[in-house]
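Reading through the structure tokens given below for one structure.
Laboratory data are not the source of any read-out in this text; all were calculated from the coordinates shown. Bear in mind that the values here come from a model prediction, so they are computed numbers and not experimental data. Cβ: placed from backbone, ideal geometry, glycine included. Neighbour counts: every protein chain shown.
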């Protein structure tokens, strides 16, 4: 027993230093590898910064040779290939990086983009769907989003496209390509809604309502009014229909009929006494006939119900201006502008209010704003004219006429 | 009125499934675990148990005012009890008393933030009281978690109303996507979708016209609008302008070719063929151009060329309807009806409403002497054709025109099919 224990002690006294020696050797070998990896990485970084991709790639390959599990090196090498449009090699490296270290969103997004370019859409889609919500880099997010849109368009997955586009547009509101994609997508979605309505409910009130709006867009007011009347016949109590019909009737030109419009606004008000649009439109009609007190009553009620409604505030302000009470008009017009800063009529009337108050600088500032927004709206009108389309809303009071 | 209905239905729904919140049957439990009260003066716990039992009874009997009195007494005794606040909130909501419902429901959500139904009710009430900001916040939180279909729809519609007031159409589009997914044939929702997407398309159009009025994108957009309303001549002119502005813009050659590929005014089949070839040179994987070139070759009587184009398209996208239809037609011309039948059966399986596929399948079955099948497919063709004709009529009334080239069974095919 004692002999055994001595022997064991002897053996262990020999083994422990040997093991320590092994550990020491291994550690120094690892130290050497780490040192080389670190050196190659440093070089790669420098070459990447000095835009020498080939040299950077060679350094990264050296890293991978020393440490095949270095996801950073795989990721960076994949990035270099991606930047050189070498998707075949980029995919290998980026996929390896993702295998070693999941949730590297930038790398996964580039992987998805490259997979799509190589025609492997089945793999591209999940990679991009996973990465897209996490991307901070605006450029890469845009590219990933556009690729996803492209993939969804193949599958005709319009709802998913809408979600991606909403996010992209929020981040890039002035991007023409995205604006066009948005136009294309929403046109497709509205077409899909119309088709479904036509298939499932061809005689519904809703389809007549759609047909009315499409007709007015195309400038066929007569047909629009007929469809809107058919819609009301099918569902006389549907909120909003009388106002929509009245809005179509109130405009001048063929199909318009102000007296009928007034009737419809009144019907809308009978159905819902809190119908703000009907109130201010009836105010407009009364004001047009010179019935100032009636107009004022309508506008005041509308403002009371919806204090920041621009049209109601503008209408009421106009009456106060005619009564030479510019202080009250200013408050109302500022309300309108707060809600709709691009409302050129509000700016125009505010400049008039300031004129009455003798505040020349503010008058000028508001007049400049009026001109700025009027020019913008004229541009929009020109666009609609060029497209032979008509705006689906009643004519606004022509501020120019007032200016004269 | 609508909002009242909504509040009512949501409250009924909650009361019906009130197991989530209704007070636990704790009477016996409390009585068993608490020390006996001194004679004449019930302990706090006994009072709690008594009020709870009464509240439960009144709620079950729908005596809401009496239930409120009991719950308010409980609230005084146990101010941190989430169930008490929740039940009070639900009852006030049910009574259309949003002013009182809001503080109770808000407290409920402060005490436990995963009570999605209560959060939805809080949002409804905040909307009614004009507190749009908080209504949006609470309804947005509740929307993804409300499992009940009716409540989920009510929450979604409330969000759509609130976004409309804020003119936040992008967020509205997100909610609409979810609602449409869950209610694909709901007519009211389809109309709302039409309205929203029209607004969004208009917004994108105006935005583009301001940001980049002379861009290729703007000309492309104008081309689509022209084509949509049947003005092919202007549509083609705008696409030429777009190409001038950006000759490398992907997809333009194909769009121009589609516009040209018509027998109607402005159409020019030879030009269309050129443009499809340019599209293909730009992107050899463009299966749509391959299909169109296949159709053109087939019209020229060059069946081999047509077969080559279509088979390449099928290879690229095996499930592409147009490619499979075209290739099947080539097989029919090459007197290989078995192969054609296989492709057409695949198309019908994927798209049972495809009238052209049914028609060609009836032709193929006749060639294969499967007369019953041929008869069935012809009936299917007639059914779906009638349906599509109705749709075409509606589109015609809407003055909307298909932007894609003319498709369907050709007269030549019909003649050929009528031949025994």
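Summary table below
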item: Gyration tensor (alpha-carbon) shape descriptor, the range B:319-371, a/c threshold 1.5; result: oblate
item: Computed label-point distance, nm, for sites residue A:260 and residue A:69 using a 7 Å Cα→Cβ extension; result: 8.0
item: Sequence-separation-based contact order of the range A:69-193, relative, with Cα cut under 8 Å and 6+ spacing, percent; result: 16
item: Separation in nanometres of the label points that stand 7 Å from Cα toward Cβ, at residue A:42 and residue B:333; result: 7.0
item: Over the range A:275-404, relative contact order from alpha-carbon pairs under 8 Å, at least 6 apart, %; result: 15
item: Anisotropy class of the range B:54-115 from Cα gyration tensor, a/c 1.5 cut; result: oblate
item: For the range A:124-208: span of alpha carbons on each principal axis (Å, largest first); result: 49, 28, 17
item: Spatial extent of the range A:197-342: Rg and Dmax, with the Cα atoms as the point set, Å; result: 16.9, 58
item: Residue A:338 versus residue B:369: modelled label distance in nm, points set 7 Å from Cα along the beta carbon direction; result: 8.6
item: Scattering profile of the range A:69-193 at q = 0.12 Å⁻¹ [log10 I(q)/I(0), Debye over alpha-carbon scatterers]; result: -0.44
item: Overall Cα dimensions of the protein assembly as shown - principal axes, largest extent first, Å; result: 107, 100, 74
item: For the range B:109-178: rounded, prolate or oblate by the Cα gyration tensor [a/c cutoff 1.5]; result: oblate
item: Under 19 Å from the residue B:274 label point (7 Å along Cα→beta-carbon), backbone N, the range B:234-250; result: B:234-249
item: Distance from the range A:30-71 to the range A:138-182 (C-alpha centre basis), Å; result: 36
item: Zero-based 10 Å bins, Cα pair distances in the range B:176-301, whole percents; result: 13, 32, 28, 23, 5
item: Rh by Kirkwood over Cα pairs, then Stokes-Einstein D for the range A:234-306 at 0.692 mPa s and 37 °C, µm²/s; result: 268
item: Mean projected area (nm²) of the alpha-carbon convex hull when chain A is viewed from all directions; result: 36.6
item: Peptides ranked, highest mean first, by Cβ atoms within 10 Å: ranges A:73-79, A:263-269; result: A:73-79, A:263-269
item: Kirkwood Rh and Cα Rg combined as Rg/Rh, the range A:275-404; result: 0.98
